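Since the structure comes first, as structure tokens, the remarks are kept for the end.
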Amino acid sequence: MKNKLISVEQAIEMIPDGAVLMIGGFLGDGTPELLVDGLIKAGKKNLTVIANDTAFPDRGIGKLIANKLVKKVIVSHIGTNPETQKQMIEGTLEVELVPQGTLAERVRAGGFGLGGILTPTGVGTVVENGKQKITINGKEFLVETALKADFALIKAKKADFLGNLVFNYTARNFNPLMAFAGNVTIVEVDELVPVGGIDPNEVHVPHAVVDYIVRGNAK
């Protein structure tokens, strides 16, 4: 059985400059803060980040923005982070805004091997610019391509040593979807238990999609 438990430093060493990262969380809730801090400490740069949002300048993904380590974000909104807005206006950060539901479905499609999704969201708006449209039963849909990442960095409440994951409350946002959509999935966990210590009915993400585990601060 592969030993999936590694240090933060070992996890960050795997991630090259210019990597495409999916990072879980919603306004910082459910974001793997130790891994984010590790990226900053190592000075990883020219990153592309796929996430729901860029949180706040001093929290979560926002810290990567504030340290100017990100060249592009694919997110549903940037309204809570003035630094993201500033860099976008200056032209130093590319921002691709995607409707939240569409973003989640594009990540899900990437994780489940689909080429993309069909959605009516954005038809007739600037969102449709440059995208293929399909008419089904008289209704127009946009073709939105699937999203995948080189690495998915996610946060879980609990894991066993195999990598079965349990999420806590709102941390179960983008994390489960992103776990499937990374070529390499690294999970930061608050509580690590022996194999068999998690009831199978409680597992939110199965171990098969988890490559590495980093022990968080809690336990």
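Readers should treat all values here as calculations from the given coordinates under stated rules, not as data from a laboratory. As the structure is a prediction and not an experimental result, all values here were calculated from the model. As a convention, Cβ positions derive from the backbone with ideal geometry for all residues, glycine included, and neighbour counts pool all protein chains shown.
Applying the Karplus relation 6.51 cos²θ - 1.76 cosθ + 1.60 with θ = phi - 60° to the range 194-202 yields 3J(HN,Hα) values of x, 4, x, x, 10, 4, x, 5, 9 Hz, where x marks Gly and Pro.
Once backbone amide H atoms are built at 1.01 Å from N, VAL205 has LEU165 as its partners under 5 Å, excluding neighbours fewer than 5 places away on the same chain. Here the Karplus relation 6.51 cos²θ - 1.76 cosθ + 1.60, evaluated at θ = phi - 60°, turns the backbone of the range 163-171 into coupling constants of x, 5, 10, 10, 10, 10, 6, 6, 5 Hz, with x for every Gly and Pro. When you restrict to C-alpha pairs under 8 Å that are six or more residues apart and normalise by the size of the chain, the relative contact order lands at 22 percent.
Distance from the C-alpha centroid of the range 76-154 to that of the range 160-185: 21 Å, rounded to the whole angstrom. Only lysine pairs 8 or more places apart, or on different chains, with alpha-carbon atoms under 16 angstrom apart are counted in the range 62-219, and they number 11.
Between the listed residues MET88, VAL126, ILE78, the Cα displaced farthest toward the positive end of the dipole of the range 73-148, a dipole computed from Cβ unit charges relative to the Cα centre, is found at VAL126.
Take the Cβ-Cβ distance between SER7 and GLN85 as r, set R0 to 22 Å, and report the resulting FRET efficiency rounded to the nearest 0.05. So the FRET efficiency works out to roughly 0.05. Note on the chain: antiparallel DSSP beta bridges, both residues inside, total approximately 30 percent of the bridges counted.
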